[in-house]
1. If the viscosity is 1.306 mPa s and the temperature 10 °C, what translational diffusion coefficient in µm²/s does Stokes-Einstein give for the protein assembly as shown when Rh comes from Kirkwood over Cα pairs?
2. Over region A:79-139, calculate the relative contact order: mean separation of alpha carbon pairs under 8 Å at least 6 apart, over the residue count, as a percent.
3. Roughly what % of Cα-Cα distances in chain A sit above 26 Å, to the whole percent?
4. Between chains C and A there is a rotation axis; tell me the chain C residue with the nearest beta carbon and how many whole Å away it sits.
5. How high is the FRET efficiency from residue A:20 to residue B:20, r the C-beta distance, R0 30 Å, rounded to 0.05?
6. Order by neighbour count: A:21, C:107, fewest other Cβ atoms within 10 Å first, most last.
7. Name the residue, out of C:86, C:20, C:123, whose mean-square fluctuation peaks in a Gaussian network model built on chain C with Cα pairs under 10 Å.
8. Report, for residue C:23, each distance to the same residue's label point in the other copies, shortest first and in nm; define the point 7 Å along Cα→Cβ.
């Protein structure tokens, strides 16, 4: 059994930007000599999200954002914003319910994702950021 | 330390169908010789969900669906549906926020779930499907 | 590779009470001799939540609760409540979408959380409870 930890650097624009990190995770997995185990993908920061999604433009650029505008709209006068002179209360709430950590099993060196199921990093924040996504692989 | 990966086959009807997979997971755990570790339950497909819920008819057949009709209603004209001639945009959004992977610790060969806390697989899709749920166990 | 399982005892008041458990998790991690691996934090009970949040009063005492009042308000006549003479249907729904298990990687004996990213336990239930939160550490 072996464990190792590495990461992905992303330049992001935020405001519900959804990025497919599956190719990065596949590359990290391919470079390991592991056949069976798990990959944990972890978003550093309280305005990030990690989950799975069919990575197609309708969902990515429109539908997910529209859903979140009902749940936690940008531009609302959150207590968080009042307290800290911030404008990203919505981003914190979206992160809270999306989650920032995701674990995907692999077998025969391949992630067990469905054909139209991608691992996505979401930057919910309201400004451009440099982001680090942790990828931790363990297995045999 | 040992890791192994198996699965559960489910015939589902979709439309927010919630299935208690705890008995399946318990059986897999009992058949292993492991006493302490984790089980990861993973839903293959971008219209699935894995989480915990008290598995009782009020929540399972009514309340969860009612909540999601506010967040991501079925039958809405999602961009996803327009793009792909599909009708399951709601299913993708519900999966995004529910999550498709769940990790439960066990000790003395028993999952550490609460008495009324079950691991559930949700089929959010809009049609009957044959589904594979991955169960990966590791520990000692 | 080593795995061990311990826990945190919390006395909670419920009704969306959000508790920062990062100091407890850090202490458990410091007392282990592990440098690289994962901590899984697991909430026992179907009215709990585990996720990450910037632990500041605006979000903790106001904004998160306000968001959930839109998604799954307390005091609504849920089918769950009708069936069981209960009043905590909202708590079950909030738990369902927040999730009750969270995995955080660590390297050099430190959790890889962002500066303003804390691991929080949420008691969504409608009454005071004694809660047990599982902390399972594995790594090398």
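Bear in mind these aren't lab numbers, they're just calculated from the coordinates by the rules spelled out. Every value quoted in this text rests on a predicted model; they were computed, and no experiment measured them. Ideal geometry is used to build each Cβ from the backbone, glycine not excepted, and the neighbour counts take in all protein chains shown.
1. On the way: Rh = 21.1 Å.
This corresponds to a translational diffusion coefficient of 75 µm²/s.
2. Values: 25 pairs, mean separation 19.3, N = 61.
Once divided by the residue count of region A:79-139, the mean separation gives 32 percent.
3. Working: 2620 of 9730 pairs.
Here the long-distance tail beyond 26 Å is 27 percent of all Cα pairs in chain A.
4. Taking Cβ atoms only, the nearest residue and its distance are C:1, 3.
5. On the way: r = 32 Å, r/R0 = 1.07.
Calculated transfer efficiency: 0.40.
6. Numbers: A:21 21, C:107 17.
Lowest to highest Cβ neighbour count: C:107, A:21.
7. C:86
8. Result for residue C:23, in nm, nearest copy first: 4.5, 4.5.
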